[in-house]
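Written out below as structure tokens is the structure these notes cover.
The values are calculated or read from the model by the stated rules, or taken from the named source; none is laboratory data. Note that the structure is a prediction, hence the values are computed from the model and not measured. Heads up, the Cβs are rebuilt from the backbone with ideal geometry, glycines too, and the neighbour counts pull from every protein chain shown. Protein only, heavy atoms only, side chains kept; ligands, DNA and RNA dropped before computing areas. Shrake-Rupley method; radii C 1.70, N 1.55, O 1.52, S 1.80 Å.
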Amino acid sequence: MSAHTSRQSTGDSDLASGPDQAAPSADTTPGAAGDATNRKVIDGSGRSAHRFWSSRRVPAALAALLSAVAVGFLLYDVIAVRAGRDAMRWRRRLAEELATRPLDDVWMIVGAAVAMALGLWLFLLAVTPGLRRLLPMRQPSGVSGTEDVRAGLDRRAAALVLRDRAMRVSGVQSAQVDVGRRKVEARARAHFRDLEEVRADLDAELGEALASLGLARQPKLAVRVRRPKKG
């Protein structure tokens, strides 16, 4: 789920609050709301909440399988040569091609590019957490036995909760909420009431809802309110 920043338009047809106009959470003061949204929340044990790491079983299994097959073929051929047999045709052909083809050959460049892309992909999988759809939640403080317990909230579930809270605001006809890891964008259509009043109520309602989700990092909130399109 991606979030898009909207610019505030003049007039009463489109009112938006930018990402920097997020409603303060329940446990922060208005002056420190901007700083609270940009820092990691420290739980009761003094540790910062980090993202969940994906096990990536499928890429790991594919890489292990391909490596085992390639090493197995090479090892079998080396043992066969040591035993007095001729080397396999594919290894002789590969050695000949690598010895005779120039470095600026098209196939050499393509092979190097594929190998580099594969290595870069595996490196990124190794150093990035993954599981972008899960938002880390705060660990409860003062409760024994919860030091090693971590909880996460699915972004789609958070979007559904926030959308339901947005629909409670008087005047809102329809609402759509996109939840990202650092920003939440809400788009609503108001069929009655002043747009500024609806936007202010949405800011307050969604700000309270975000604080109640218990996320480790409070995302920024951007609210956009429009009139329904005239048919």
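Counting other Cβ atoms within 10 Å, which chymotrypsin sites (Phe, Trp or Tyr not before Pro) in segment 83-134 have at most 12 and lie in a DSSP loop?
none
Straightening the chain between ARG168 and LEU65 buys 31.8 nm, computed as 0.36 nm per residue apart minus the Cα-Cα spacing.
With the simple model of a label 7 Å out from the Cα in the direction of the Cβ, LEU98 to VAL58 spans 3.2 nm.
Convex hull over the alpha-carbon atoms of segment 162-224: what's its volume per residue in Å³? Don't skip to the answer; put the middle values down first.
On the way: hull volume 3.9 nm³, N = 63.
Each residue corresponds to 63 Å³ of Cα convex hull volume.
Any chance you could run the full-extension gain for LEU122 through SER212? It's 0.36 nm times the residue separation minus the Cα-Cα distance, nm to one decimal.
Details: separation 90, 0.36 × 90 = 32.40 nm, distance 3.77 nm.
Value of the extension gain: 28.6 nm.
Taking the empirical scaling 2.2 N^0.38 Å for compact globular proteins as reference, segment 99-231 has a Cα radius of gyration ratio of 1.67.
The accessible surface of segment 163-231, taken with every protein chain in place and a 1.4 Å probe, is 43 percent carbon and sulfur.
Work out the FRET efficiency for LEU131 and TRP90 from their Cβ-Cβ distance, taking R0 = 30 Å, and round it to the nearest 0.05. Please report the intermediate quantities before stating the final value.
Values: r = 40 Å, r/R0 = 1.33.
It comes out at approximately 0.15.
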